[in-house]
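Comments concern the structure below.
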């Protein structure tokens, strides 16, 4: 039985953002009009990543058309699409001299292509301006439409990431406008279209799932050829969001990593502050270096 707790354990309290060292990048992103999920989703790693000169760029505005119980990104009507956004993001990647760039977006169910073409344009812009930079996309589910997923795949990102977020039993509570089966289908379609493309997914723990359920998710992901998986602690962003059922210990995360490697993932990253795009460059390099 998961235990509810109102007191943060020491391994959670010890994370102190490096706000001062992050300020220059924060100011430059604001000046360029480039959004990051780091800021919009209140990521606990923002200080560390900004101080390293890295960020996860968020396309298509700061307003999501879906309302998930775990996410701090604001919801509502989608914003107008900025035609210069792909170039702005590519310019920031060039300024930061990133060797690996992560591109995500809010869900845009209001757009005819749900934002797929904006992903593709951004990937191509980065590869044109920064030919030595590898690119990872973290996309919405595009309602598992093969034609929309193909638009992104054909722009040739180096990693295609889409998160299942939680175990099947908790899907409707955590993300009521999505489904576990649809998310698996997205990753399956990517492999069908481009078998050699690295696929990646992530999930949160601490929402009330069991270890057995998490292990089954890992098995499901491996069954469709998923290469990289991330597992992190759910941390409630505000009082309006889903409560934390329990805080998973570092030892439990280590055991999940061990199980993931045993199942055949090329890279498994599990820990209290692991997020889907956290240290994504390390995940990519480790996965590509792992023997086939």
| query | Given the Cα-Cα distance of residue 211 and residue 255 and 0.36 nm per residue of separation, how much length would full extension add, in nm? | reply | 14.8 nm
| query | If each Cα of the stretch 144-291 is one equal point scatterer, what is log10 of I(q)/I(0) from the Debye formula at q = 0.13, 0.15, 0.17, 0.20 Å⁻¹? | reply | -0.56, -0.75, -0.96, -1.29
| said: Quick check: residue separation of residue 62 and residue 95 times 0.36 nm, minus the Cα distance between them. What number comes out in nm? | reply: 9.6 nm
| query | Where does the stretch 218-292 land on the Kirkwood hydrodynamic radius, alpha-carbon pairs, in angstrom? | reply | 13.4 Å
| query | Whole-Å semi-axes of the stretch 16-289's equivalent ellipsoid, largest first, each the root of 5 times a Cα gyration tensor eigenvalue? | reply | 26, 21, 19
| remark: Taking a crude spin-label model, label points 7 Å out from Cα along the C-beta direction, the residue 84 to residue 143 distance in nm is 3.2 nm
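Counting DSSP beta bridges with both partners in the stretch 16-289, what percentage is antiparallel, nearest 5?
Of all bridge pairs located within the stretch 16-289, approximately 5 percent are antiparallel.
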| field | Size of the stretch 85-156 as Cα extents on the principal axes (Å, biggest first) | value | 34, 19, 15
| request: Would you kindly give the portion of the calculated P(r) for the stretch 50-180 that falls above 27 Å, as a percent of all Cα pairs? | output: 18 percent
| query | For the residue pair residue 110 and residue 177, what label-to-label distance in nm results when each label sits 7 Å from Cα along the Cα-to-beta-carbon direction? | reply | 1.0 nm
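Computed from the coordinates by the stated procedures, all read-outs in this text should not be read as laboratory data. In this text the structure is predicted, and so the values were computed from the model without any measurement. Please note: Cβ atoms are built from the backbone with ideal geometry, for glycine as well, and neighbour counts cover all protein chains shown.
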